[in-house]
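Below you'll find the structure, written out as structure tokens, and then a few comments.
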Amino acid sequence: MSMKPLSGIEIFLAIVSCGSLRSAARSLGMGAPAVSYRLKALERDLGVDLLVRTTRSIELTDAGRILLQRAAPAFAQIDEAIAEAREAGRATTGTLRLTLPWSAFRIAIEPVLPDFQAKHPDIRLELSFDEALVDIVGAGFHAGIRLGDRLADGMVATRLTPPLMAALSAAPAYLDRHGRPQHPRDLLAHKCIRYKFISANRVADWQFRENGQTFTVDPASSLVFDSFRSVVQAARKGLGIGWSLRAVIEPDLVAGKLETVLDAFALEHPPFFLYYPEQNRHLDLLRLFIDFLSARRRA
């Protein structure tokens, strides 16, 4: 249906509710001639008169009475729906759905999660771990977290972390048995735990920097996972050397469960960003989450 009859019906209902064209015009913020013109246009489109107008009052015709009985409840439901939609956008309770890689959770979310839940106990976080890019709108997420070089186009983004260093690590017991590589090419003689991109169906490159130049080493894989969490867990168990972001394994380094190697050749990666579509900019649940994370990052 075209919007012309709908807008005309809204004016017709206002006239009936207010009792006159002039009163309806004031309630709608329109001029009386414009209200009269729109009503006549509606009657012309429908091919029937809806009101009988006199100098003192207006009366409904049979057609007008039918339209009032059927249209008034429908427009009332529309008003209720609009009000509910506005309240949903302003809600400070409910579920906030996010897609993020496990590494982003480990670095940016897990350390502050208890404090966020204590401050906002009525917000339910629904976190879906995924290393691949996700259509957050199509999949029903409010926002996503990814590295800065992997953000979807056309999104609003908020930085969550500083730039992040890569790291190769292994359990100290593994390195004691097999030796500590001194140069990336030494990895060719080691058991290496690699990550495989799910969407691209390929093993991720191991890149390094030396004398200002970036180069790749492709050691044989003793284990391959499609989850960085599994790579870290396998390295922790002494099954070989695995790649991760250094901030992800920092607690294991402090605890002595892992030890990094080849730090002098490590590359720097972009920060993690929280990103979301423009239409979610005014979603209060998301704003509260972003404000909390931003405040903690500044602190």
Fewest-first ranking of Cys192, Cys18, using other Cβ atoms within 10 Å as the exposure measure: Cys18, Cys192
Overall dimensions of the range 136-221 as given by Cα atoms, namely Rg and Dmax in Å: 17.4, 50
Choice from Leu188, Leu46, Leu267 showing the highest fluctuation, given a GNM over the chain with Cα pairs closer than 10 Å: Leu46
Candidates Ala235, Ala71, Ala143, ranked by Gaussian network fluctuation over the chain, Cα under 10 Å, top entry: Ala71
With Cα atoms, 0 to 90° folded angle of helix 62-90 axis to the chain main axis: 30 degrees
Rounded tilt (10° steps) of 32-46 against the dominant C-alpha axis of the chain: 90 degrees
Relative intensity, log₁₀ I(q)/I(0), of the range 164-269 from a Debye sum that treats every alpha carbon as a point, q = 0.15, 0.16 Å⁻¹: -0.56, -0.64
Fewest-first sequence of Asp115, Asp186 by Cβ atoms within 10 Å of each Cβ: Asp115, Asp186
Fewest-first ranking of Thr99, Thr61, Thr158, Thr92, using other Cβ atoms within 10 Å as the exposure measure: Thr92, Thr61, Thr158, Thr99
On Cα atoms only, tilt of 284-298 relative to the major axis of the chain in degrees: 30 degrees
Gaussian network model of the chain, springs between alpha carbon atoms under 10 Å - residue of Arg229, Arg65, Arg281 with greatest fluctuation: Arg65
Measure of compaction for the range 12-63 (Cα Rg per 2.2 N^0.38 Å): 1.05
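Would you calculate the convex hull of the Cα atoms in the chain and tell me its volume per residue in Å³? Walk me through the intermediate numbers first.
On the way: hull volume 58.1 nm³, N = 299.
Spread over its residues, the Cα hull of the chain gives 194 Å³ apiece.
Every number here is computed from the coordinates shown, using simple stated rules; none is lab data. This is a predicted model, so every value here is computed, not measured. Here the Cβ is made from the backbone with ideal geometry for all residues, glycine too, and neighbour counts use every protein chain on show.
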